[in-house]
Amino acid sequence: MPTKSELRRQIRELLSVQSAELRATKSAAIAEKLFKEARFQSAKTILFFAATEREVDTHPMIERALKTGKKVVLPFSRMDTIELELYEIKSFEGLKRSAYGILEPVPGVHTKVETSSIDFVVIPGVAFDRAGNRLGNGKGFYDRFLEKISPNVPRVAIGFSFQMVDQIPAESWDIRVEKVLTD
Ligand SMILES: Nc1ncnc2c1ncn2[C@@H]1O[C@H](COP(=O)(O)OP(=O)(O)OP(=O)(O)O)[C@@H](O)[C@H]1O
Ligand SMILES: [Mg+2]
């Protein structure tokens, strides 16, 4: 089995060579699947993530969720504690790029929300397997976060088909997702 770092390298390479056009088309197909999920439809408060330029594009999903009256929450990565802090956003205005180039809410500007108010989590990742094992960017932010959130809250990952691999070498702290929506 390839190691986590080998898998990260392989899949990041595939992400980096995908055209903007394919990324957009596939992301739209994934968005359709997400908005068809019954538990997504009934959720009032959604934790999304702001995608990098290579990941499944969440921007149109967030705009659509805001338009349909959902409360949209984005994470702010606390580098000191490796924790995700959650803030409600009303638009993309006022978000700031983190050291990793990810758009994030600004503590003190955006309104902080409690983990318990989230009723659906959309999860990013570099690679996934059919058992729901997930490989992230290697800091453990989502593993720590998913440990804290109620097990009743749907946690659904989104990724391109080429991000599905045979087996992720999961470790004791790795937390699985329920399903992965792909193109
Ligand atoms: N719940 C936790 N408590 C303490 N340390 C943790 C926890 N979860 C993960 N870690 C640590 O975080 C580090 C990175 O974990 P891992 O390689 O699984 O990251 P990842 O899942 O790829 O990243 P991410 O969750 O940020 O997308 C590991 O050294 C691991 O020990
Ligand atoms: Mg992990």
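Answer with yes or no whether G125 is assigned to a loop (DSSP other than H, G, I, E, B), farther than 19 Å from Y87 by Cα and either of a type in the set (A, V, I, L, M, F, W, C) or open to solvent by less than 20 Å² (accessible area, probe 1.4 Å) (or both). The answer is yes for G125.
Identify the residue in region 128-150 that is more than 15 Å from the chain's Cα centre (by Cα) and open to solvent by 30 Å² or more (accessible area, probe 1.4 Å) and, among all such residues, is farthest from ligand 2 (Cβ to nearest atom). My answer is S150.
One line per residue, one yes/no per condition, for (1) within 16 Å of ligand 1 (Cβ to nearest atom); (2) in contact with a strand residue (DSSP E or B) (Cβ under 8 Å, 6 or more places away or on another chain); (3) acidic (D, E):
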| residue | (1), (2), (3) |
| --- | --- |
| S77 | yes, yes, no |
| A99 | yes, no, no |
| D119 | no, yes, yes |
| P124 | yes, yes, no |
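Yes or no, residue by residue, for (1) exposed (fewer than 12 other Cβ atoms within 10 Å of the Cβ); (2) at pLDDT below 95; (3) of a type outside the set (D, E, K, R):
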| site | (1), (2), (3) |
| --- | --- |
| M1 | yes, yes, yes |
| F40 | no, no, yes |
| F48 | no, no, yes |
| D57 | no, no, no |
| I62 | no, no, yes |
| L66 | no, no, yes |
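Tell me, yes or no, whether region 83-98 has at least one residue that is in a strand (DSSP E or B), more than 23 Å from A20 (Cβ to Cβ), open to solvent by less than 70 Å² (accessible area, probe 1.4 Å) and out of contact with any Lys or Arg (no Cβ under 9 Å at 6 or more places or on another chain). Within region 83-98 (the criterion being in a strand (DSSP E or B), more than 23 Å from A20 (Cβ to Cβ), open to solvent by less than 70 Å² (accessible area, probe 1.4 Å) and out of contact with any Lys or Arg (no Cβ under 9 Å at 6 or more places or on another chain)), the answer is yes, since at least one residue qualifies. For region 162-175, check the following and say yes or no: at least one residue is modelled with pLDDT of 95 or more, within 24 Å of K44 (Cα to Cα), hydrophobic (A, V, I, L, M, F, W, C) and not in a loop (DSSP other than H, G, I, E, B). Looking for residues that are modelled with pLDDT of 95 or more, within 24 Å of K44 (Cα to Cα), hydrophobic (A, V, I, L, M, F, W, C) and not in a loop (DSSP other than H, G, I, E, B), one finds none in region 162-175, hence no. Restricting attention to region 161-176, the residues that are open to solvent by less than 30 Å² (accessible area, probe 1.4 Å), within 11 Å of ligand 1 (Cβ to nearest atom) and aliphatic (A, V, I, L, M) add up to 1.
The values are calculated or read from the model by the stated rules, or taken from the named source; none is laboratory data. Keep in mind the model is a prediction, meaning the values are calculated, not measured. Methodologically, a virtual Cβ is constructed for each residue, glycine included, from the backbone with ideal geometry; neighbour enumeration extends over all protein chains shown. In case anyone asks, the SASA skips ligands and DNA or RNA and just uses the protein heavy atoms, side chains included. Shrake-Rupley method; radii C 1.70, N 1.55, O 1.52, S 1.80 Å.
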